[in-house]
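Everything below concerns the one structure shown next.
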Amino acid sequence: MKKEWWKEAVVYQIYPRSFYDSNGDGIGDLNGVIEKLDYLKFLGVDVIWLCPIYKSPNDDNGYDISDYKNIMDEFGNMDDFDRLLKEAHNRGIKILMDLVVNHTSDEHEWFVKAASSKYNPYRDYYIWREGKNGQYPNNWKSFFGGSAWEYNEKTEDYYLHLFTKKQPDLNWENENMRREIYKMMKFWLDKGVDGFRMDVFNFYSKKEGLPDVVDNPDGIYINGPKIHDYIKEMHEEVFQHYDIMTVGEAPCVSSKMAPLYVGEDRKELNMIFHFELMDISNDPKDKFIKVPWELKDIKDIFMRWYEDLKDKGWNSLFMNNHDQPRMVSRFGNDKEYRVESAKMLATLLHTFVGTPYIYQGEEIGMTNAYFENISDYRDVETLNYYNEKIKEGIDEEIILKRIQITSRDNARTPMQWDNSENAGFTNATPWINVNPNYKYINVKSALEDRNSIFYYYQKLIKLRKENSVIVYGDLNLIYKDDKNIFSYVRKLEDKEILVILNFFDKEVEFEIPQKYKNKKFELLIGNYETDNQVKNKIKLRPYEARVYSL
Ligand code: TEU
Ligand code: CA
């Protein structure tokens, strides 16, 4: 397999609003990120993915951009950004920008002009349609509730917005618009940024005629007919001229389809974020309703993506981000076994095939917030859902229970730095409440405890650097049908490692497969005290993880 720096890297995702507030206004900012670079260096990550920091009215916390070439007021200014980039590079850390070009803010000057008159040159940068018999132009729904169309009084027609009405979709059919986007990308790359995480990139292309969705939007506004043309053009115009990393956020992409986007011969992207794992416990009709998951399904997803991309392209590994509940709350056990289960899940993400992503706070085992009042929530998706369900007459208590488990705000509470007021995130009132468990879950106490989740991550990252088998080795699943244990062997030339993960809170036995029984076992990492004595069977404690070199 071809060697690439982005295959060997570990990425750390920062949600700047909630990372560290350097100037006491309750909002995280770029100088706050600079102050914490040494912490990230100590953890050992190679790349930071910065969630959007561009000018924005913050209808969707920066995913609604009003000026791509300027910094959000609350986060600082371009000098701060330039310093951040320099300081990160000085420490050998790369910076990945969030590229949000499926839509802009409605306050972007392109949209302001476009909405002013049917004859404005910017009109065609967006997607406008007349109503049908006094109704919406078609049946498309916004991801954040209601129709995807908003009426514009002035020009007496509708514009498309797949997210909030303050996030109008760009018209990728328009070549001038595309050229301006590529120019803007080069503006950032010429500053020296190291790549892009591309927000819903597979939504750019919309099917001609904008037909109604019948079963699902695949091929209509997701993975639309021209999507590969656009990404190839972007590669040709932009990517190929730089040594960068690209990762596309890709809802509704199957493992079969993925090689078309990330195939090494395709000249499109380095990797994507697929949603199969993130959707695993979602009720298909309502993601706020969670259904139980089984280990079998998790294994199937990991294995299928491994096999379908094998020798073709690369994958990304993550179990949470700024849109998802906290990983330890969702896939682990944030009550009795928070530390053990957080480490076990980390072991999977850092020893499987693909580039691991750490979402801020994951490395200290931060949990869901479980806020009890709707007034504690800030996220537009959550608030829209609440209002919609109240209108439908659903009991408030039921709605709040769903929100507690699923809301994106679970991942957006401030980073917990220490046990002082507001978790050391700010000395003002934070824009969103801190999780009350900051008293004992925080960076300071993690750094003081040799057995903390933090040091476990540090060690995993180091192991990856020292053992190329973890990056480039083949993978073989063991005990495919075991309901409790996820186990596999990684192999590169004569190097082999065995990963054993107990996914639940019960003790289970793991029998060493015949062909490994005579090997010498050396424990590389584990989340419990163990000696190197490996007999035929291993009794695994709750959420136990072990990685052996054979
Ligand atoms: O998310 C894209 C997306 O598909 C969302 O519907 C996401 O799945 C949802 O938030 C989960 O419920 C991206 C960004 O990551 C998200 O923060 C933005 O709100 C969205 O695009 C619009 O830019
Ligand atoms: Ca601030």
Residue 137 passes all but one of the listed conditions (1) free of Cβ contacts under 8 Å to residues at least 24 places away in the same chain; (2) part of a loop (DSSP other than H, G, I, E, B); the exception is number (1)
Within region 69-82, identify whether any single residue is in contact with a Phe, Trp or Tyr (Cβ under 9 Å, 6 or more places away or on another chain), within 26 Å of residue 454 (Cα to Cα) and among the basic types (Lys, Arg), and answer yes or no. no
Picking from 182, 126, the residue that is of a type outside the set (A, V, I, L, M), away from ligand 2 (no atom under 16 Å from the Cβ), touching a helix residue (DSSP H, G or I) at 6+ places or on another chain (Cβ under 6 Å) and under 20 Å from residue 268 (Cα atoms) would be 182
Which one of these does residue 337 not meet: (1) surrounded by fewer than 15 Cβ atoms within 10 Å (Cβ to Cβ); (2) away from ligand 1 (no atom under 16 Å from the Cβ)? (1)
In this structure, does residue 462 turn out to be surrounded by fewer than 16 Cβ atoms within 10 Å (Cβ to Cβ) and farther than 26 Å from residue 337 by Cβ? no
If you scan region 99-115, which residues turn out to be surrounded by fewer than 22 Cβ atoms within 10 Å (Cβ to Cβ) and touching a Pro at 6+ places or on another chain (Cβ under 6 Å)? 107
Go through region 1-52 and give me each residue that's closer than 30 Å to residue 105 by Cα, within 16 Å of the chain's Cα centre (by Cα) and of a type in the set (A, V, I, L, M, F, W, C). 11, 14, 19, 47, 48, 49, 50, 51
Could you list, in sequence order, the residues of region 407-462 that are in a helix (DSSP H, G or I), within 17 Å of residue 359 (Cβ to Cβ) and within 16 Å of ligand 2 (Cβ to nearest atom)? 423
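Restricting region 195-219 to residues that are aliphatic (A, V, I, L, M) and closer than 24 Å to residue 285 by Cα, which is nearest to ligand 2 (Cβ to nearest atom)?
Only one residue fits best here, namely 200.
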Per the filter on region 16-38, residues touching a Phe, Trp or Tyr at 6+ places or on another chain (Cβ under 8 Å), hydroxyl-bearing (Ser, Thr, Tyr) and in a loop (DSSP other than H, G, I, E, B) are 20
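Looking at region 151-190, which of the residues that are acidic (Asp, Glu) and surrounded by fewer than 18 Cβ atoms within 10 Å (Cβ to Cβ) is nearest to residue 203 (Cα to Cα)?
Just the residues of region 151-190 that are acidic (Asp, Glu), to begin with: 153, 156-157, 169, 173, 175, 180, 190.
So of that shortlist, the ones also surrounded by fewer than 18 Cβ atoms within 10 Å (Cβ to Cβ) come out as 153, 156-157, 173, 175, 180, 190.
On the way: 153: 27, 156: 26, 157: 22, 173: 13, 175: 17, 180: 18, 190: 26 Å.
Here the residue is 173.
Answer yes if at least one residue in region 43-54 is within 13 Å of ligand 2 (Cβ to nearest atom) and out of contact with any helix residue (DSSP H, G or I) (no Cβ under 6 Å at 6 or more places or on another chain), and no otherwise.
Taking region 43-54 and keeping what is within 13 Å of ligand 2 (Cβ to nearest atom), we get 53.
Applying the additional criterion that residues be out of contact with any helix residue (DSSP H, G or I) (no Cβ under 6 Å at 6 or more places or on another chain) yields none.
Among the residues of region 43-54, not one is within 13 Å of ligand 2 (Cβ to nearest atom) and out of contact with any helix residue (DSSP H, G or I) (no Cβ under 6 Å at 6 or more places or on another chain), which makes the answer no.
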Could you please tell me which pairs satisfy a Cβ distance under 6 Å, a separation of 6+ or placement on different chains, a first residue in region 16-31 that is within 19 Å of residue 438 (Cβ to Cβ) and at pLDDT 95 or above, and a second residue that is of a type in the set (Gly, Ala, Ser) and more than 9 Å from ligand 2 (Cβ to nearest atom)? 28/18
Given (1) more than 16 Å from ligand 1 (Cβ to nearest atom); (2) at positive phi, residue 304 misses just (2)
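Can you go through 409, 395, 376 and tell me which one is crowded, with 20+ Cβ neighbours inside 10 Å, of a type in the set (Asp, Glu) and either more than 25 Å from residue 13 (Cβ to Cβ) or out of contact with any His (no Cβ under 8 Å at 6 or more places or on another chain) (or both)?
Working: 395 fails: crowded, with 20+ Cβ neighbours inside 10 Å; 376 fails: crowded, with 20+ Cβ neighbours inside 10 Å.
On inspection, the qualifying residue turns out to be 409.
Which of the residues spanning region 62-73 are hydrophobic (A, V, I, L, M, F, W, C) and either under 21 Å from the mean Cα position of the chain (by Cα) or within 16 Å of ligand 1 (Cβ to nearest atom) (or both)? Spell out how you get there, then give the answer.
Kept after step one, since they are hydrophobic (A, V, I, L, M, F, W, C), are these residues of region 62-73: 65, 71-72.
Passing the criteria: 65, 72.
Could you count how many residues in region 13-53 are aromatic (Phe, Trp, Tyr) and within 16 Å of ligand 1 (Cβ to nearest atom)?
Step one: of region 13-53, the residues aromatic (Phe, Trp, Tyr) are 15, 19-20, 39, 42, 49.
Right, trim to within 16 Å of ligand 1 (Cβ to nearest atom) and you get 15, 19, 49.
Residues in region 13-53 being aromatic (Phe, Trp, Tyr) and within 16 Å of ligand 1 (Cβ to nearest atom): 3 in total.
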Hits in region 490-503 (condition: of a type in the set (A, V, I, L, M, F, W, C) and touching a helix residue (DSSP H, G or I) at 6+ places or on another chain (Cβ under 8 Å)): 492, 497, 498, 499, 501, 503
Taking the criterion of being in the same structural domain as residue 197 (by TED's automatic domain parsing), within 16 Å of ligand 1 (Cβ to nearest atom) and in a strand (DSSP E or B), would at least one residue in region 54-61 satisfy it? yes
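Scan region 179-217 for residues that are within 16 Å of ligand 1 (Cβ to nearest atom) and part of a helix (DSSP H, G or I) and report the count.
Of all residues in region 179-217, those within 16 Å of ligand 1 (Cβ to nearest atom) come to 181, 196-206, 213, 216-217.
Right, trim to part of a helix (DSSP H, G or I) and you get 181, 201-203.
Going through region 179-217 one residue at a time, the tally reaches 4.
Within region 266-288, can you find the residues that are over 20 Å from residue 226 (Cβ atoms) and either acidic (Asp, Glu) or within 11 Å of ligand 1 (Cβ to nearest atom) (or both)?
To start, the set of residues in region 266-288 that are over 20 Å from residue 226 (Cβ atoms) comprises 270-271, 273-288.
Residues satisfying the conditions are 273, 275, 276, 278, 279, 282, 283, 286, 287, 288.
The values are calculated or read from the model by the stated rules, or taken from the named source; none is laboratory data. A quick note: this is a predicted structure, and the numbers were derived from the prediction, not measured. Every residue, glycine as well, gets a Cβ built from its backbone with ideal geometry; the counts of neighbours run over all protein chains shown.
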